[in-house]
Ligand code: IMP
């Protein structure tokens, strides 16, 4: 029986929450391995809506849920999310929840810096979620982060705070901001420490035990491959590696444990924030996709940009992330279109590309080459077998599969857990 790694194969918001929840109900442990509370996962279970940003999606079904070392953790955001879920009847304890003790913290100074930089960048801004993700990762690789394990040693934090604040105070001065209020920060850390430390442990050890016991582990990626700091539309990306390989380094289990790589792919394309988006639609079709697909960010409430399916970027994501099979989501949003388009290549300065070039200016300038297919007028919402799908919807799915050179493992046909067509069970692979 395989473990499963779930990643987004576009710009995030592919509908990972539902798929992860569906898989989590059959897993023994769910691990988040990168990103932070910039992610937004919506789960709908028996009509009840749960919104998660930081907690692994397994938490709702009571599965052991782990925040790995690759995540950046805002302890106050965590506390508020835990409280909200508890108010919805979800039970969270150290039996079903653990946090890596070597996980770096997102502090108020990170949020400040994120906001200051974005405001100063004007029209050149990244369009971040404003959660301090980038600055927190910078401090991690700059070797000056405060980590979860430091919360047990707050009395000896001074040398680390010296290094951290020296860096931030210089940056803040450049924005005409006062230095970090160290005593207020220490006080806030003292207050939040007992809450976080309840769950802190060397999770690599716990995972090793889980693995030895033959349990099924689900690695839950956040964002999408096109937002990966190496492989994405740089600089309009997030600050972590969102590809499947990070499941190993961001959890403390080796690459031989990550198993079946399930790429989540929306049947059309969306993006929040700035940056290139070759198939973006500024017309009625784009508006229709946004309205039917309820394309608003879970975290920021921002309207998502919408466009036709781009087979070029998904083929690229699947290759880069070693995707074994995809879960195709939100096919029902395409119901009712007379024709639907798929981007099969790009044109740039008279040359045809079968990949997205690395340079930002080229990414912004490529023109999509479309293939047009007949749409379908019947609904696909709630379909649970191929027989429930109109012939043209099946043709569309087959064409997607062919163009991205990766097989379809699942088709999701509504936000409800059971509205899924299962072609190949990732856990049984
Ligand atoms: P950051 O991760 O907040 O630094 O934002 C960097 C870029 O990633 C921005 O374009 C965000 O809109 C995008 N982003 C971050 N998290 C998500 C997500 O969960 N879904 C979609 N886009 C995201």
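The values are calculated or read from the model by the stated rules, or taken from the named source; none is laboratory data. On a predicted model such as this, the values are computed, not experimentally measured, just so you know. When we count neighbours, we look across all protein chains shown, and the Cβ atoms used for this are built from the backbone with ideal geometry, even at glycine.
Scanning region 25-47 for residues that are closer than 28 Å to residue 290 by Cα and away from the ligand (no atom under 14 Å from the Cβ), which turns out surrounded by the most Cβ atoms within 10 Å (Cβ to Cβ)?
Checking each candidate, the answer is 43.
Scan region 235-243 and tell me whether some residue there is more than 16 Å from the ligand (Cβ to nearest atom) and either in contact with a strand residue (DSSP E or B) (Cβ under 6 Å, 6 or more places away or on another chain) or not assigned by TED's automatic domain parsing to the domain that holds residue 338 (or both).
No - not one qualifying residue is present in region 235-243.
Taking residue 255 as the residue in question, decide whether it is more than 16 Å from the ligand (Cβ to nearest atom), surrounded by fewer than 24 Cβ atoms within 10 Å (Cβ to Cβ), modelled with pLDDT of 95 or more and farther than 30 Å from residue 375 by Cβ.
no
Quick check, is residue 245 in contact (Cβ under 8 Å) with a residue 60 or more places away in the chain, surrounded by fewer than 24 Cβ atoms within 10 Å (Cβ to Cβ) and under 17 Å from the mean Cα position of the chain (by Cα)?
yes
Okay, residues lined up against (1) part of a helix (DSSP H, G or I); (2) assigned by TED's automatic domain parsing to the domain that holds residue 8; (3) within 16 Å of the ligand (Cβ to nearest atom):
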| site | (1), (2), (3) |
| --- | --- |
| 274 | no, no, yes |
| 287 | yes, no, no |
| 294 | no, no, yes |
| 322 | no, no, no |
| 352 | no, no, no |
| 357 | no, no, no |
| 363 | yes, no, yes |
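Residues that are within 25 Å of residue 29 (Cα to Cα) and either away from the ligand (no atom under 16 Å from the Cβ) or without any contact (Cβ under 8 Å) to a residue 24 or more places away in the chain (or both), at least 3 per element: which helices (runs of 4 or more DSSP H) completely within region 96-209 meet that?
Helices (runs of 4 or more DSSP H) meeting the threshold: 182-197.
Does residue 299 fit the bill of being in a helix (DSSP H, G or I), within 16 Å of the ligand (Cβ to nearest atom), under 21 Å from the mean Cα position of the chain (by Cα) and crowded, with 16+ Cβ neighbours inside 10 Å?
no
Of all residues in region 303-315, which are without any contact (Cβ under 8 Å) to a residue 40 or more places away in the chain and within 12 Å of the ligand (Cβ to nearest atom)?
Hits for region 303-315 are 303, 305.
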